[in-house]
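This report refers to the structure that appears directly beneath it.
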Amino acid sequence: MTGILLGGAVYIVALGKWPAAIAICLLAIAAWRRVGSKSLLVGIAAIIAASWIDLNLPPTVPGAAFERTEWHLKLTSMPQQRPSGWDFRAEVIDGPGEGLRLLVHSSEPTLHPPTVGSRIYLLGEVVAQSPEDGAFRYLEGLNVSGEIYTSEIILEREGRGLRAWLNRKRLDIVHGIQVAIPGDAGALIAGFVTGDDGRLSGNADDEFRSAGLSHLTAVSGSNLAMLLTMVGVVGASGRFGRRSILIFGIALLFGYAAFVGFPPPTLRALILALFAASGRLVGRPVDLINLSLLTVIVQLAIDPMAAYSISFHLSTAASFGLAAGFSRYPALDDRHVTGDLLTATAFAQFATLPIIVGVFGTAPLLGLFANIAAIPFASFAFAVGVFGSLGLIVYEPLGAAMLIPAGWAAEVVLRIADMFGREWGRLEVGELRDAWIIGLTLVALILLLAVSGELRLIRRQLAAIGVIRRQNG
């Protein structure tokens, strides 16, 4: 119960910032006499979360930096493809704005952009982030103060170390996949395997969003779950012990997350997997709902600016929905894997609906059916894509041949997105105010707690605490 209350409070603060923190504190104070110190603990957690997010806001761009056109930068993130170039984050090395982190949009059509850690020179003018308040702010979600558009980059020194080496391998694999499987299918497989779906056409991207399939085009918890499943199957066939399989699986997940650059959904899934595996290793039961919310606390402690990231909030809501779907209480004797998967998928769609509607202004009416149809093919494309990518590293023609079945599966996913992403498959409702997004998300999470049976348990525990306090009073 404590984990759910603390994690839930911190997540609502991540959505609503200080107004949500103040509201939670008032509720905690009102509940103090009945519940005791646990309610105060929730209020304190809300204040700490809001303060931590505020303390880590990127600094504003100084006035002198707006007059600057020549920049000396160091890359702090792996470059991501875009239809006409690359995007990456970089830190200003010297001059006005020294120490600022900026988002660079390069229109240079090179196949080999600078890797993370590289030092570069470029020409361009900085554009500051919008001062408007809101639950989601693109630049702050990336932990940058502004952005620069440039058409030419001069490399001073290539990046060094493990991250730069992983970055180069990732770029090689992305290029190899798109050569072997041209068009949207190759861009989609690159997104499945490396998280870089930047060359997906604008039309396909819109169809995925309208169909409720956007989560498939980026690396998230489903990718890590598939990797763990693959490790489990291989480990079981080799008769390895459960402990050895878990340890190897977690090591593989950590390496894969580093390979794709630790984006918010992948970091969240990695933290959740670490918690779950640790519980298994020490023989403790795994409470998925508790873990899905405790993961929020850990992730915001590591990356507080994730509070402004749409991908963080979508992945967190989806994770909570999946946990509620797989944790229905009490357990039913006739439950089957297929039924659990369908229920968990429906719960995840429901949990993310307020954010999707609020941000994009459209509700995917058939998102559940689109996911049921697309996920098996996307999972197959990812699994085959992983082995094909490894084949590209060993021997390129072999890897290209191995990727062909993945290309077929990706084409099916694209057709499903096209079919369910048409006008008749979505409802245009317009963007919602932040207060509506927060309120509807909170209602969705409470309803999922109720359906899963967890809310009943929380109410019983709170009632028991109240009885004990009255007896001791």
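The values are calculated or read from the model by the stated rules, or taken from the named source; none is laboratory data. All of these numbers come straight from a predicted model, not from anything done at the bench. Every residue, glycine among them, receives a Cβ derived from its backbone with ideal geometry; neighbour counts consider all protein chains shown.
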**Residue selected from the range 102-127 under the condition hydroxyl-bearing (S, T, Y) and surrounded by 22 or more Cβ atoms within 10 Å (Cβ to Cβ), by the criterion nearest to the chain's Cα centre (by Cα)** = T115
**Asked** If you scan the range 253-273, which residues turn out to be in a helix (DSSP H, G or I), under 24 Å from I289 (Cα atoms) and of a type outside the set (S, T, N, Q)?
**Response** L253, F254, A257, P264, P265, L267, R268, A269, L270, I271, L272, A273
**Prompt:** Any residue at all in the range 219-229 that is among the β-branched types (V, I, T), closer than 23 Å to F275 by Cβ and in a helix (DSSP H, G or I)?
**Reply:** yes
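Each row is one residue, and each column tells you yes or no for (1) closer than 23 Å to L188 by Cα; (2) modelled with pLDDT of 85 or more; (3) surrounded by fewer than 16 Cβ atoms within 10 Å (Cβ to Cβ).
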site: A307; (1), (2), (3): no, yes, no
site: G325; (1), (2), (3): no, no, no
site: D334; (1), (2), (3): no, no, yes
site: V337; (1), (2), (3): no, no, yes
site: T343; (1), (2), (3): no, no, no
site: I356; (1), (2), (3): yes, yes, no
site: L368; (1), (2), (3): yes, yes, no
site: A381; (1), (2), (3): yes, yes, no
site: V386; (1), (2), (3): yes, yes, no
**Complete:** If we ask which residues in the range 229-246 are over 20 Å from I189 (Cβ atoms), hydrophobic (A, V, I, L, M, F, W, C) and surrounded by 14 or more Cβ atoms within 10 Å (Cβ to Cβ), their number turns out to be 4
**Request:** Select from the range 167-196 the residues that are outside any helix (DSSP H, G or I) and either in contact with a Leu (Cβ under 6 Å, 6 or more places away or on another chain) or free of Cβ contacts under 8 Å to residues at least 40 places away in the same chain (or both) and write down the one among them that is surrounded by the fewest Cβ atoms within 10 Å (Cβ to Cβ).
**Result:** P182
**Message:** I'm told G99 meets every condition in (1) within 21 Å of D303 (Cβ to Cβ); (2) within 26 Å of the chain's Cα centre (by Cα); (3) at pLDDT below 95 except one. Can you identify the failing condition by its number?
**Reply:** (2)
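May I ask you to say which residue of W71, W86 is touching an Asp or Glu at 6+ places or on another chain (Cβ under 8 Å) and surrounded by 16 or more Cβ atoms within 10 Å (Cβ to Cβ)?
On inspection, the qualifying residue turns out to be W86.
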**Candidate set: the range 18-54, residues that are surrounded by fewer than 21 Cβ atoms within 10 Å (Cβ to Cβ) and under 22 Å from the mean Cα position of the chain (by Cα); chosen: the one farthest from I289 (Cα to Cα)** = D54
**Residue satisfying condition, being buried (at least 21 other Cβ atoms within 10 Å of the Cβ) and in the same structural domain as L390 (by TED's automatic domain parsing), within set A269, A258, A251, A225** = A269
**Asked** In the range 71-96, what count of residues is obtained for those that are over 21 Å from the mean Cα position of the chain (by Cα) and charged (D, E, K, R)?
**Response** 3
**Request:** Would you confirm whether any residue within the range 34-50 is of a type in the set (V, I, T), closer than 30 Å to E108 by Cα and out of contact with any helix residue (DSSP H, G or I) (no Cβ under 7 Å at 6 or more places or on another chain)?
**Result:** no
**Request:** Specify which of the listed residues (L102, L123, L166) is out of contact with any strand residue (DSSP E or B) (no Cβ under 8 Å at 6 or more places or on another chain), more than 25 Å from S214 (Cβ to Cβ) and not assigned by TED's automatic domain parsing to the domain that holds A410.
**Result:** L166
**Complete:** Taking the range 251-290 and the residues there that are aromatic (F, W, Y) and within 29 Å of T115 (Cβ to Cβ), the one that is nearest to the chain's Cα centre (by Cα) would be F262
